[in-house]
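Okay, so here's the structure we're looking at.
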Amino acid sequence: MTKLSPTGYRASQIALHWLVAFVVLFLFVTGDTTTHVFFAGLKAQPTDTSWAWIPIHVGAGLFVLGAMLWRLGLRRQFGAPSPPTSEPAPLRWLASAVHVGLYLDLVGAAIVGLLAYFWFPSLAGLHELLSRAVLIVLALLHIAGALWHEFYWGDNVLTRMLKPVRDG
């Protein structure tokens, strides 16, 4: 099977990218509340925080897991644009490593979160590490790279995630 290298992303790929980004931001902002309720439940302590945050968080995490798996399927089916040839090789490697890291982290954090909630509460700390510290570093590198491409090199890499290519 030859590796696909389209000139841009399809509308479905772009929509899933931004939906995941939005839901991950929501999960990040509400994560402390969910953590508080989760640990209050483990310790059988009362809390004034609504327990409704737990199914909301779990549902949003399941959405991220499903969307990321769907994104992987779309990437396999339709490919992804190649990095600009003007980009130095070490930066192409870094960009690839960040993308792989984001996929692994988002899928891994969701799986670990489910395992922690339903079966192994001791994994909650690993879920928090993956969905906080690791994700922050990877997301900031991803955003910085996109902005660097768009505004310093002017090679329209960011535009590829905003304007879909026509399905052929």
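Of note:
- By average C-beta atoms within 10 angstrom, highest first, the peptides 63-75, 140-152, 103-115: 103-115, 63-75, 140-152
- Comparing THR33, THR49, THR85 in a Gaussian network model of the chain where C-alpha atoms under 10 Å apart are linked, the largest mean-square fluctuation is found at THR85.
- J(HN,Hα) series, the range 38-50, from Karplus relation 6.51 cos²θ - 1.76 cosθ + 1.60, nearest Hz, glycine and proline x: 4, 6, 5, x, 4, 8, 6, 9, x, 8, 7, 7, 5
- Close amide H contacts of ARG10 (hydrogens built in the peptide plane, cut-off under 5 Å, sequence separation of 5 or more or a different chain): VAL165.
- Multiplying the residue separation of ASP48 and ALA146 by 0.36 nm and removing their Cα-Cα distance gives an extension gain of 31.2 nm.
- When peptides 124-132, 87-95 are ranked by their average number of other Cβ atoms within 10 Å per residue, the highest-first order is 124-132, 87-95.
- Highest average packing first - 10-16, 50-56, Cβ atoms within 10 Å: 10-16, 50-56
- Test item: Cα-centred dipole of the range 11-161, Lys/Arg +1 and Asp/Glu -1 on Cβ, debye: 340
- Electrostatic bookkeeping for THR85 treats Lys and Arg as +1 and Asp and Glu as -1; over the other residues with beta carbon under 14 Å from its beta carbon, the sum is -1.
We did not get these values from a lab; they are worked out from the coordinates using the rules stated. The structure presented is a predicted model; accordingly, all values stated were derived computationally and were not measured. When we count neighbours, we look across all protein chains shown, and the Cβ atoms used for this are built from the backbone with ideal geometry, even at glycine.
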